[in-house]
Amino acid sequence: MEKSSAERFEGELQKEKKRLEIELKQLHDENLNAAAADQEAGGDQNHEDHMADGASNVFERERDLSLEDNLKDILNHVNSALHRLQDGVFGVCTRCKKQIDDKRLNALPYANLCIECKKSEERPVAN
């Protein structure tokens, strides 16, 4: 990969890393605050509260935790891409070792699989 392309991808990945870290911290802090508020309330429900309200709160908390996990996963992919850049293997499929198409890297700079390997990974296995 040309030095200018590598520098461009590194800049994009660093920017995405920073954005993800900020978003992850905000979501994590919100989740902690929500958990603390629930604990402070003692888990007691007022007579006006309905079971549906409690279920909605649980759903929202589970959704937020799922979003937090997803952000962590993407951040791990970004960090791995940065390591591949440092190691000089960025843009090379980690499965088949072929060059990943520039269109794919432009769309998803932290991609570690070429489109063919990604498609085969997502295909259901026949029994």
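The values are calculated or read from the model by the stated rules, or taken from the named source; none is laboratory data. In this text the structure is predicted, and so the values were computed from the model without any measurement. Cβ atoms come from the backbone with ideal geometry, glycine included; neighbour counts cover every protein chain shown.
Here are the numbers for this structure:
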read-out: Yes/no for Asn33 being outside any loop (DSSP other than H, G, I, E, B), touching a helix residue (DSSP H, G or I) at 6+ places or on another chain (Cβ under 8 Å) and at pLDDT below 95; value: no
read-out: Cys96 vs. criteria surrounded by 14 or more Cβ atoms within 10 Å (Cβ to Cβ), of a type outside the set (D, E, K, R) and at pLDDT 95 or above; value: no
read-out: Output for segment 80-111, where each listed residue is in contact with a strand residue (DSSP E or B) (Cβ under 9 Å, 6 or more places away or on another chain) and either more than 15 Å from Lys17 (Cα to Cα) or in a loop (DSSP other than H, G, I, E, B) (or both); value: Gly91, Val92, Cys93, Lys98, Gln99, Ile100
read-out: Leu27 assigned to a helix (DSSP H, G or I), modelled with pLDDT of 95 or more and hydrophobic (A, V, I, L, M, F, W, C); value: no
read-out: Options Gly42, Gly54: the member that is over 24 Å from Glu23 (Cα atoms), assigned to a helix (DSSP H, G or I) and either modelled with pLDDT under 95 or of a type in the set (A, V, I, L, M, F, W, C) (or both); value: Gly54
